[in-house]
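Below is one structure, written out as structure tokens, with a few remarks after it.
What follows is calculated from the coordinates using simple rules that are stated; it is not laboratory data. For clarity, every value in this text was computed on a predicted model and none was experimentally measured. Virtual Cβ from ideal backbone geometry, glycine too; neighbours counted across all protein chains shown.
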Amino acid sequence: MAHPTTVYPPFLASAAHPDRMAVRAHLRGFSAPPPDRCRVLELGCAAGWSLLAFGSTLPGSEFVGIDLSEAAIAQGQEWANRLGISNVHLRAGDATDIGEADGQFDYIFAHGFLSWVPEPMRVRVFEIIRDRLAPNGVAYLSYNTFPGGHLREMVRGVMRFHTRNFTADADRISQARGLLGALLEPPVPESSYHNYLARLAERLETAPPEQILFDELADENFHFYFHEFVGMAAHFGLEFLAEAELVDFTAMLPPKARATLSRVGDRLAREQYLDFFIGRAFRQTMICRAGQQQPAADQVEMVRGLRIAAPMASEDGQRWTGACGSSVDTSNALAQTIFARLGAAWPRMLSGQELLTAAPSPKEVRILANILVQCIESGIVRAHIVPPAAASQAGERPRASTLSRAQIGERFVSSLSCEAIELSTESDKKLLDLLDGSLTRAELAERMAMSLEELDAALRNFVRLELLENK
Amino acid sequence: MSQHTGDYNEILYPSYLATQCSPDQLSAMARMKGLETAPPNACRMLELGCGDGASLIAYAYALPGSQFVGVDLAARPVEIGNAKIAELGMTKVTLRCADVMDIDESYGDFDFIFAHGLFSWVPEPVRYRVLEICSDRLAPNGVAYLSYNAYPGSYQRDMLRAMLQIHTRDIADPVSKIRQSLGLIDFIRSSPFRDTPYHQFIQGVHEHRGKAPPEVLLYDELGSVNQPFFFHEFAALAARHGLQFVNEAVFDQTLAGLPPPLKQALDSLGNDVVTFEQYLDFLSGRAFRQTLLCHQGIPLNHRRQWEPLTELYFAAPVLEKESKEGDPAGSRRYAGLQGRSAAVADPAVQSALKHLGGVWPAIVPFEELRTAAGGASETLGQHLLQLAEANFVKVHAHSFRLAPAVSDKPRASALARRQLGERFLANLFCEAVAVTEPLGKLVFARLDGTHTPADLAAGLGVTQEAVNKQLKDIFELGLLEA
């Protein structure tokens, strides 16, 4: 729910991108609707930052967003009109207004919503997913979780008492920040409480100042234990599909803890204990209709259906670092060869089908497919069903998306794979602004007062960030 | 509640001596805020949730002029306690198996009422009843003590509790529940992410657990009710029952350690003691409170002040130590209670501390220390306040009578001799102590006032020197009677 006076700071829910959800569903053995020809609904879309990014990169799909804040919706609509993004429809209203007239959606998501609305609205969110989700559709909900959330609740209790006599948002923000500073006045005692406060202060340094209104000062901030969340989903005929965040925490466990966890037979219980182990405070969970998943599905078939890319690099041939800076160890010679191929091709996509042909026997095909699936699930290797239309080379007349160029003055620009990119230098901002596809490299170098080598380096960086269009 | 007694009868809550709740301590801490309580040795005291009466029996033994009544819903601990009372021939302490809901005027009025480890662990109607009793049964200048879990710190306990409950929800057997709970804590501790606040807390729980009996876990974290309060919420509840905040039961060090700008900010809160205390909790992240209450309308002085100390008594096993680097010039460093140490530069205060160490375990009035210091009340008072806040010196409202030295025929507390073999012995000023050496235990068991050290040495077949060493330790534990 939007805060009455302050608009939620811009945010890009990359993890809710239809293609990313489709890939996760694919890896759980079911085929979600095609991301480039689908209908998507976002509940609590604010100014539509996510939908505008998705809509501009998936022109064959249709996107509907709803938010209570008229100011936010007006802002988003203005962007859509100005940029000619016609497949994104934003409307001001209560999520309870979503009904049969809105039809069926292949993907439904709500980011930063479920924990911040009152109980009846939480129930309504699940009802909407039950009633409006296509049979093979996927929904994404992010929410605050216990056990980590108890620590957040602790600070919220303190902050809300301290700001109880203030009503203006600006006063509440400055009071809360002032108290945090006072509580961390040296000498700071050595305790988990003070450690948490110190980390919060660190986080707030780089976050938009209004962020604190939606977390530590929120009227409503509901936390679920994971088992409660899946219990609620089950009540509406929905079940856990996967986490949208591409991190494999199980792989990080020490051997003894991993062995303990593997004795927990039930997948959902394992997820719960994983939360206990890491003290998780936030989840981005994908759910689908009960009975859709076939976890025992053939991994070879899965890999064949995907387009794959990763900046794989290794010094010793054993430990390979890929996307997100995560790494994997392998002694499998075939995997090493495949990783090297991916690294050489990056950022070009290779087809899973083509990669598997390198394996000489059906057995080795299966082993290789298994390794690739694991790497995809932990975010080391990126996989797509509909790859982003990003260039693998800058080309003679490089062109960036209209949306990203319009966002230069904002907190971030959207890449073609819908990641939020923060441009750190004025030079990058100026260059991006010039990339409307009309200027040659030589003209660009001149305008930027750069050598061609310097320009190429800057453009290579843009290619890596997937900011340049491929046609 | 019935579910509760079931638990408490099956696995007994470990016997616990609440030193901080004795009439002596409640009176001392109330007097620090200007409340004139009844004399500790001529009072009536009520304990709610007394268990086996370990606290009340120790108080009754040390304060024979006072009367003590304990109430608990669980029958077995009450029976155990009453059997001990009968065996010791004590007449001024009674334990009753009763529901706090049934306490009425027939119980009379009390100068002190306390409930330790009860308030947060009972359902809401019982909590209201406890506050009603504190209001209805408390004498006009009486003091009530309630301990409870406090926010913000207890959000972390909520976290632990919820996880343990999820983990053990299908286990009925209490012993397996405890074992499984400890297993989960170990599982989380094995994380490679050691420095997160979450893992720091779990590690702290583990270290704390190491000191406490495992069955405490069953009640503190696995019980069906565990309701923490922000201090301001607790104070509002008390106010609705006509009660006001007096003090905490133990000195708080938070204030003394604050940087000056924060001290000034807190001082600007003026007379709003509830808000002041609430911010102290925010600063320290407090998870537990032991709060003293009295009737509204009694004028209290909430300023941090040394003056009330002039009416109180002091004890500390002071020993001079080597100075530390950075100690002020001319200062001497002393060890006090529980290994606390302090550097003191004022020569008059040094003399007073030397005197206090010389007479330990005796409890001496302010006047005696002032004489030893050569007459400077304010300097001495200011220093004693700091030392009390740092738990270096113990403040009493009553001068318990102890043997001034090991006598010809030393006699130990009959209560403590009866407790030999249990988890702790109650000394003569109501602290839990232990005689650990095998010879010490043998000597202690025989200290009925009829044996000389030579008899003891001969009877035990050891040298008199060995016996004297044990007697000195026993004496210093505050176990020998005058």
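Simple point charges give the picture: +1 on the Cβ of Lys and Arg, -1 on the Cβ of Asp and Glu, and for chain B a dipole about the Cα centre of about 740 debye. Straight-distance candidates among the aspartates and glutamates for linking to B:LYS441, with alpha-carbon spacing under 14 Å and chain neighbours fewer than 8 residues away dropped: B:GLU422, B:ASP473. Each 5 Å bin from 0 upward holds the following percent of the Cα-Cα pairs of segment A:65-122: 4, 15, 23, 26, 21, 9, 3, 1. Averaging Cα coordinates gives a centre for segment A:302-375 and one for segment A:392-440; these two points are 30 Å apart. Between A:SER86 and A:VAL264, the contour length at 0.36 nm per residue exceeds the alpha carbon distance by 59.2 nm.
The stretch between B:ASP272 and B:GLU124, if pulled fully straight at 0.36 nm per residue, gains 50.6 nm over its current Cα-Cα span.
Listed values for segment B:315-321 are Karplus-derived 3J(HN,Hα) couplings in whole Hz (6.51 cos²θ - 1.76 cosθ + 1.60, θ = phi - 60°), namely 8, 6, x, 5, 9, 6, 10, and x replaces Gly and Pro.
Determine, from the Cβ-Cβ distance of A:ALA297 and B:HIS208 and an R0 of 60 Å, the FRET efficiency 1/(1 + (r/R0)^6), rounded to the nearest 0.05. In this case the efficiency is close to 0.80. Over chain B, DSSP H runs of length four or greater, each weighted -39,500 (n - 2.57), average out per residue to a 222 nm ellipticity of -12500 deg cm²/dmol.
With each label modelled as a point 7 angstrom along the Cα→C-beta vector, the A:ASN461-B:LEU319 pair spans 6.5 nm. Its Cα gyration tensor gives segment A:132-240 an equivalent ellipsoid. The semi-axes, each the square root of 5 times an eigenvalue, are 33, 17, 12 Å from largest down.
Put the Cα centre of segment A:166-202 next to the Cα centre of segment B:350-372 and the gap is 44 Å. Relative contact order, whole percent, for segment B:414-476 stands at 25, derived from Cα pairs under 8 Å and 6 or more residues apart. For B:ARG169 and B:PHE288, the FRET efficiency from 1/(1 + (r/R0)^6), where r spans their Cβ atoms and R0 equals 25 Å, is about 0.45.
Each Lys and Arg adds +1 at its Cβ and each Asp and Glu adds -1 at its Cβ; summed about the Cα centre, chain A shows a dipole of about 1020 debye. In this calculation the C-beta distance from B:GLU36 to B:ARG303 is compared with R0 = 22 Å, giving a FRET efficiency of 0.80.
When a/c reaches 1.5 or more, the comparison of a/b and b/c decides; with that in mind, is segment A:254-393 rounded, prolate or oblate per its Cα gyration tensor?
In terms of gyration-tensor shape, prolate.
At each listed q (0.19 Å⁻¹), what is the log10 of I(q)/I(0) that the Debye formula gives for segment B:414-476 modelled as equal alpha-carbon point scatterers? After summing over all Cα pairs, the log10 values are -0.68.
What is the distance in Å between the Cα centroid of segment A:232-295 and that of segment B:219-270? If you average the Cα positions of each part, the centres end up 40 Å apart.
Taking the fewest neighbouring Cβ atoms within 10 Å as the starting point, the ordered list for A:LYS471, B:LYS394 is A:LYS471, B:LYS394.
Which shape class applies to segment B:313-396: rounded if a/c is under 1.5, otherwise prolate when a/b exceeds b/c and oblate if not, where a ≥ b ≥ c are the square roots of the Cα gyration tensor eigenvalues? The shape class here is oblate. Under a 5 Å amide H cut-off, with hydrogens placed 1.01 Å from N, A:ILE108 pairs with A:LEU41, A:VAL138, A:ALA139, A:TYR140 among residues at least 5 apart or on other chains. Distance between the 7 Å Cα→Cβ label points at A:LEU452 and B:ASP186: 6.8 nm. For chain A, rounded, prolate or oblate, judged on the Cα gyration tensor with a ≥ b ≥ c (square roots of eigenvalues), a/c < 1.5 rounded, else prolate if a/b > b/c? Rounded, because the longest to shortest axis ratio a/c is under 1.5.
The fraction of Cα-Cα pairs per 10 angstrom bin, counted from 0 for the protein assembly as shown, comes to 2, 10, 16, 19, 17, 12, 10, 9, 5, 1, 0, 0 percent, rounded to whole percents.
Each 10 Å bin from zero holds the following percent of Cα-Cα pairs in segment A:402-464: 21, 57, 22, 0.
Using the structure shown, select from B:LYS92/B:LYS409; B:LYS92/B:LYS394; B:LYS409/B:LYS469 the pairs with a Cα to Cα distance greater than 18 angstrom. Beyond 18 Å between Cα atoms: B:LYS92/B:LYS409; B:LYS92/B:LYS394. Model label points for A:THR357 and B:SER106, set 7 angstrom from Cα along the Cα-to-Cβ axis, are 9.6 nm apart. Considering only A:GLY352, A:LEU368, A:GLY317, and ranking their Cα positions along the charge dipole of segment A:299-384 that arises from unit charges at the beta-carbon of Lys, Arg, Asp and Glu, the one farthest toward the positive end is A:GLY352. Note on segment A:1-139: along the principal axes its Cα atoms extend 44, 37, 27 Å, ordered by decreasing extent. Its Cα centre serving as origin, the protein assembly as shown has a Cβ charge dipole (Lys and Arg +1, Asp and Glu -1) of approximately 1540 debye.
Each residue of segment A:362-377 is assigned a 3J(HN,Hα), and the resulting list reads x, 5, 5, 4, 5, 4, 4, 4, 4, 4, 5, 4, 4, 5, 5, 5 Hz, derived from the Karplus form 6.51 cos²θ - 1.76 cosθ + 1.60 (θ = phi - 60°), x at Gly and Pro. Per-residue Cβ neighbour counts within 10 Å put A:ILE212, A:ILE385 in the sequence A:ILE385, A:ILE212, beginning with the fewest.
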